[in-house]
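Worksheet: one structure, shown below.
The values are calculated or read from the model by the stated rules, or taken from the named source; none is laboratory data. From a predicted model like this one, the values you see are computed outputs, not experimental measurements. Backbone-built Cβ (ideal geometry, glycine too); neighbour counts: all protein chains shown.
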Amino acid sequence: MMRAVCVEAPGRPCNLVIRTIPRPQPKDKEVLIQVYATALNRADLLQRRGLYDPPEGESEIIGLEVAGTVHTLGPGVERDWKLGDRVMALLAGGGYAEYVAVREELIMHVPPNLTVWQAAAIPEAWITAFQLLVFVAQVKEKEVVLINAGASGVGTAAIQLVRHLGAISMISAGTMEKLVLAASLGASVGFNYKEENFTRALKDFTGGRGVDVILDCIGGYNWEQNVNCLATGGRWVVYGRLGGQIVEGDLFGKLLHKRGQLLCSLLRSRSIEYKAELVKAFSDRVLPFFSGKDPKLKPVIDSTFGLEDISEAHCRMEANKNMGKIVIYVVPQPVSEEEEDCEFYLGSL
């Protein structure tokens, strides 16, 4: 048996309750992970409200990423996983629990200079950002990328990845604190979307050209500003709809005038083969840069909550207060010199 967060009824954060349910058994090519920590994503809020069902055959438990240790190897596992290995994984569901069974292709080793609790902030946000920038937009060196919601989990990862790819990032966010955080991560310029229509400032910054790529989780009401910011021939990548899914106005006319590409992407519903290819590419090209005495890439963590405080964590994300990832401790983190020495970005700093 194990503890897991269940949705008593679709709706408010207070409908999240902890129950004792059967522990999953690893199937063919699956590894059972003892979960030390998981992290919140916007998809979790939608699923809690009954607006985003998991893909067919996946766990009904919320949670798209975990970090912990290898507990049990299922039949047919081919890779050299060992019991007790520190690992993190990309999920289609099941993260808000003490154990989760995961296909081995979606598991990665935790970088040696991070704790397993810190590593929970990596899989979904960083792999999503990597997918959007590399697989979908195919960002090139010196291109200019606008990242909407630049202080979110995906946003803080994307800023660092854009710099890593040799490109230039600019972001939009809703507070000065979020703009300051983005600048500390490498964003060249930031715009407060609550205080200005930033198209003119962005055009001035780019010499009137606009941006080559937009990463957009807003959609809806923000469409016109996005198209106006796009350079001729630019790529507008939509991966969320926080601003609604209804568009009013001449979207196609303006996009055609720019000869722009509208690209849409979701990760959760992708095939296991696609996700395996993505995880491998991320592991080969990005994961090594989280290691070393002076790592070039670091997870940004806004705050941490215990599993019993999951409703409070959902409220924080729902109020758009987080800067970076909200991590949920399933196993309490011990305090030791080794843990304290680990570098750890906090969005609140």
#### Entry: Among the candidates Val180, Val162, Val211, residue that is at pLDDT 95 or above and touching a Ser or Thr at 6+ places or on another chain (Cβ under 6 Å)
Val162
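Here's the yes/no breakdown for (1) under 18 Å from the mean Cα position of the chain (by Cα); (2) over 28 Å from Ser184 (Cα atoms):
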| position | (1), (2) |
| --- | --- |
| Phe252 | no, yes |
| Glu277 | yes, yes |
| Ser283 | yes, no |
| Asp294 | no, no |
| Leu297 | yes, no |
| Val300 | yes, no |
| Phe305 | yes, no |
| Ile326 | yes, no |
| Pro334 | no, yes |
### Query
Here is a list of conditions, (1) in contact with a Leu (Cβ under 6 Å, 6 or more places away or on another chain); (2) touching a residue at least 60 places away in the same chain (Cβ under 8 Å), and Ala231 meets all of them except one; can you say which number that is?
(1)
#### Entry: Of all residues making up segment 287-308, the number that are surrounded by 15 or more Cβ atoms within 10 Å (Cβ to Cβ) and under 27 Å from Gly11 (Cα atoms)
6
### Query
Any chance segment 128-137 includes a residue that's of a type outside the set (S, T, N, Q) and in a loop (DSSP other than H, G, I, E, B)?
yes
### Task
State whether the residues of segment 270-285 include one that is under 20 Å from Ser152 (Cβ atoms) and buried (at least 19 other Cβ atoms within 10 Å of the Cβ).
yes
## Note on the structure
Restricting attention to segment 245-288, the residues that are in contact with a helix residue (DSSP H, G or I) (Cβ under 7 Å, 6 or more places away or on another chain) and among the aromatic types (Phe, Trp, Tyr) number exactly 1
### Task
Give segment 270-299 a look and list any residue that's part of a loop (DSSP other than H, G, I, E, B) and either at pLDDT 90 or above or among the basic types (Lys, Arg) (or both), or say none.
Arg270, Ser271, Val286, Ser291, Lys293, Pro295, Lys296, Leu297, Lys298, Pro299
### Message
Which pairs turn up if I take residues in segment 32-61 that are within 18 Å of Asn15 (Cβ to Cβ) and in the same structural domain as Val330 (by TED's automatic domain parsing) and look for partners that are acidic (Asp, Glu) and surrounded by fewer than 19 Cβ atoms within 10 Å (Cβ to Cβ) with beta carbon separation below 8 Å, at least 6 apart in sequence or on another chain?
### Response
Leu45/Glu318; Gln47/Asp53; Pro54/Glu60
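Please go through segment 146-164 and give me each residue that is assigned to a loop (DSSP other than H, G, I, E, B), touching a strand residue (DSSP E or B) at 6+ places or on another chain (Cβ under 8 Å) and of a type in the set (S, T, N, Q), ordered by number. Before the answer, list the steps.
Initially, segment 146-164 is screened for residues assigned to a loop (DSSP other than H, G, I, E, B), giving 148-152.
Checking the rest, the ones that are also touching a strand residue (DSSP E or B) at 6+ places or on another chain (Cβ under 8 Å) come to 148-151.
Answer for segment 146-164, where residues must be assigned to a loop (DSSP other than H, G, I, E, B), touching a strand residue (DSSP E or B) at 6+ places or on another chain (Cβ under 8 Å) and of a type in the set (S, T, N, Q): just Asn148.
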## Note on the structure
Pairs returned, first residue in segment 68-88 that is under 16 Å from Ala120 (Cα atoms), second residue that is β-branched (Val, Ile, Thr) and part of a loop (DSSP other than H, G, I, E, B), beta-carbon separation under 7 angstrom, 6 or more apart or interchain, are Arg86/Val110; Val87/Val110; Met88/Val110; Met88/Ile122
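Taking the conditions exactly as written (surrounded by fewer than 24 Cβ atoms within 10 Å (Cβ to Cβ), touching a strand residue (DSSP E or B) at 6+ places or on another chain (Cβ under 7 Å) and acidic (Asp, Glu)), does Glu143 satisfy them or not?
Working: surrounded by fewer than 24 Cβ atoms within 10 Å (Cβ to Cβ): yes; touching a strand residue (DSSP E or B) at 6+ places or on another chain (Cβ under 7 Å): yes; acidic (Asp, Glu): yes.
In short, yes.
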### Query
So how many residues does segment 241-265 have that are in a loop (DSSP other than H, G, I, E, B), touching a Leu at 6+ places or on another chain (Cβ under 7 Å) and not charged (D, E, K, R)?
2
